[in-house]
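The next block holds one structure in the form of structure tokens; read it before the comments.
The values are calculated or read from the model by the stated rules, or taken from the named source; none is laboratory data. Everything numeric here is computed off the predicted structure, so don't read it as measured data. Cβ: placed from backbone, ideal geometry, glycine included. Neighbour counts: every protein chain shown. To get the accessible areas, we keep the full protein, side chains included, count just its heavy atoms, and leave off ligands, DNA and RNA. Shrake-Rupley method; radii C 1.70, N 1.55, O 1.52, S 1.80 Å.
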Amino acid sequence: MKQAVLVVDMLNDFVTGALKCDRGLAIVPQTSKLLEGARKAGVPVIFCNDAHLKGIDHELKLWGDHAIAGTKGAEVIPELRLCEKDYVVPKRRYSAFFRTDLDLLLKELGVDTVILTGLHTHMCVRHTAADAYQLGYDVVVAKDATDSFTQEDYDYGIKYLVATYGATITDTDGLLKEWGVK
Ligand code: ZN
């Protein structure tokens, strides 16, 4: 088994900006701890970031402008300290796989299991899980490093991931223990 951590949309606009989410802000400390552990353990960290084209992208009609490519709002939140050995996959739809090179990157890294984190459990995380599952990856969710606008959306999201993709639900401490790092 070879894992990678996918960090979905932990960007300024999703946490503190245009689509501000207090529950997203609340998962930052655990997410940061998880990513530090992954880097120490040599588990690849892949940021899957909305990078929308203003006036073009379909999704902006529903959500309004957010994470426009090249703006501050589209940058990874500073607390997660994006570093040189991390990978960044820009995306223009909910799923981190849709018309991106994520599948190619995972294949070349030899990854067969994706650990999902980030926002939102029932939307971009769910759509990313769908494609991961359909492409043959095992899906793991770090439940304290993902969230949604509401508890209801989060609970529904987790339930759906388990029922539909057989997702394994774990948490930061469980993964750090598995990796043998603190
Ligand atoms: Zn978007």
Among (1) surrounded by fewer than 19 Cβ atoms within 10 Å (Cβ to Cβ); (2) under 11 Å from the mean Cα position of the chain (by Cα), the one test that E152 misses: (2)
Restrict the check to segment 10-27 and report whether at least one residue is part of a strand (DSSP E or B), under 17 Å from S148 (Cα atoms) and within 16 Å of the ligand (Cβ to nearest atom). yes
K33 vs. criteria free of Cβ contacts under 8 Å to residues at least 40 places away in the same chain and over 21 Å from T128 (Cα atoms): no
Which of the residues that make up segment 89-102 are surrounded by fewer than 16 Cβ atoms within 10 Å (Cβ to Cβ) and touching a residue at least 24 places away in the same chain (Cβ under 8 Å)? F98
How many residues does segment 50-85 contain that are acidic (D, E) and in a helix (DSSP H, G or I)? 1
Collect the residues in segment 29-49 that are surrounded by fewer than 16 Cβ atoms within 10 Å (Cβ to Cβ) and either of a type in the set (D, E) or in a helix (DSSP H, G or I) (or both), keeping them in residue-number order. P29, K40, A41
List pairs: first in segment 11-22 and on the phi > 0 side of the Ramachandran plot, second among the hydroxyl-bearing types (S, T, Y) and open to solvent by 30 Å² or more (accessible area, probe 1.4 Å), Cβ under 7 Å, 6+ apart or cross-chain? none
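Which of the residues belonging to segment 111-152 are among the acidic types (D, E) and in contact with a Cys (Cβ under 8 Å, 6 or more places away or on another chain)? Full working, then the answer.
We begin by selecting, within segment 111-152, every residue among the acidic types (D, E); these are 112, 131, 138, 144, 147, 152.
Listed by number, the list holds a single entry, D147.
With respect to A67, determine if the residue is touching a helix residue (DSSP H, G or I) at 6+ places or on another chain (Cβ under 7 Å), hydrophobic (A, V, I, L, M, F, W, C) and in contact (Cβ under 8 Å) with a residue 60 or more places away in the chain.
Values: touching a helix residue (DSSP H, G or I) at 6+ places or on another chain (Cβ under 7 Å): yes; hydrophobic (A, V, I, L, M, F, W, C): yes; in contact (Cβ under 8 Å) with a residue 60 or more places away in the chain: no.
Judged against the criteria, A67 is not a match.
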Identify, from the list L105, L60, the residue that is more than 16 Å from the ligand (Cβ to nearest atom), surrounded by 15 or more Cβ atoms within 10 Å (Cβ to Cβ) and not β-branched (V, I, T). L105
